[in-house]
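First comes the structure, then the notes that go with it.
The values are calculated or read from the model by the stated rules, or taken from the named source; none is laboratory data. In this text, all values refer to a predicted model and were calculated from it rather than measured experimentally. All Cβ positions, glycine included, derive from the backbone under ideal geometry; neighbour counts span all protein chains shown. These accessible areas exclude ligands, DNA and RNA; they are computed on the full protein's heavy atoms, side chains included. Shrake-Rupley method; radii C 1.70, N 1.55, O 1.52, S 1.80 Å.
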Amino acid sequence: MGEIISRNQRMKSHQQEVKSGNRFAFGANWKQFLDVLNEERIAMAEESLKQMLQVKDLKNVRFLDVGSGSGLFSLAARRLGASVHSFDYDPQSVACTSELKRRFYQNDPQWQVEQGSALDTNYTEKLGRFDVVYSWGVLHHTGNMWKALDNVSRLAAGGRLFISIYNDQGRRSRLWRRVKKIYNGLPSPLKWLVLYPAWIVLWGPITVVDLLRARPFRTWRDYAKQGARSMHPWYDLVDWVGGLPFEVAKPEEIFDFFQKKGFRLDHLVTCGGGLGCNQFVFTHNNSENIHKDQETYLSP
């Protein structure tokens, strides 16, 4: 009974934050993304996981997807052989993940989907420990990034942690935070007043280059294949412009934070100091390499 009340409270809180303009409705955006999801995008998501974790598969691995969003990477992990637990704070994101489970793994006991918050320590402590904890582009949207990072570090104790966090660009990051506040404060029919200018800023230069090279919109069409984790450029744009809450960190801040918690850095992919996310794969010092016996790790 208490869990039902807590879940209803989270849903009410989420709705109030969205209505007040302090939180972006990520799940509504992901719902539209599911309309363009296909086998090619799913395969690219699988490859993305394998490359960053440096594995050939995830058989016999307990995989936690913190902030599952569309559910794409939960699906990718399940297809790679992992038993998956997915949760998200946004009820529509939970619905998206549940929809993907229904489509591909209906009634599968090896994939659990539920609503929860990375900031709810009581909730996260009940989840236990996982071999791989995955949270891509999520924890900087919680409203208390460092607490969320602390909570997920406990979930990955004895295992591995794959996260991505927005890069701190100083003044530019503060400017984008203002843009996001304006966007979320506008009624839906007027959000294009922010969205279209943002498209011009972010996509205008490369679109012009493509035109000059006689390959119109090639970068846009090939976006999913160019390190974008099989995402769609339009829904990524909406996600970026709307994404509130919004926090950032320098790569060294994330590294120092987890080093003090007994993690070592296995893999780092930065955005070159520019706009976007820095990706980190950490391993807890008390853990053994997953799949060590099966020799499924890829060569560096």
### Task
Provide a single number: the residues in the stretch 43-80 that are part of a loop (DSSP other than H, G, I, E, B) and open to solvent by less than 40 Å² (accessible area, probe 1.4 Å).
9
### Query
Given the residues Val179, Val113, Val132, which is the only one that is touching a strand residue (DSSP E or B) at 6+ places or on another chain (Cβ under 8 Å) and within 23 Å of Gln32 (Cβ to Cβ)?
Val113
### Task
Scan the stretch 121-137 for residues that are open to solvent by 30 Å² or more (accessible area, probe 1.4 Å) and either of a type in the set (S, T, N, Q) or within 19 Å of Ala76 (Cβ to Cβ) (or both) and report the count.
4
#### Entry: Listing of helices (runs of 4 or more DSSP H) fully contained in the stretch 166-244 that carry 1 or more residues being among the acidic types (Asp, Glu), at pLDDT below 95 and on the phi < 0 side of the Ramachandran plot
192-212, 233-242
### Message
For the stretch 183-201, which positions are open to solvent by 40 Å² or more (accessible area, probe 1.4 Å) and under 23 Å from the mean Cα position of the chain (by Cα)?
### Response
Trp199
### Query
For the stretch 100-115, which residues satisfy the criterion of being assigned to a helix (DSSP H, G or I) and open to solvent by less than 50 Å² (accessible area, probe 1.4 Å)?
Leu100, Lys101
### Query
Is it true that some residue in the stretch 155-176 is touching a Gly at 6+ places or on another chain (Cβ under 8 Å) and among the acidic types (Asp, Glu)?
no
## Note on the structure
From the option list Ala95, Ala157, Ala118, single residue qualifying as touching a helix residue (DSSP H, G or I) at 6+ places or on another chain (Cβ under 8 Å), touching a residue at least 60 places away in the same chain (Cβ under 8 Å) and either in a loop (DSSP other than H, G, I, E, B) or open to solvent by 50 Å² or more (accessible area, probe 1.4 Å) (or both) is Ala95
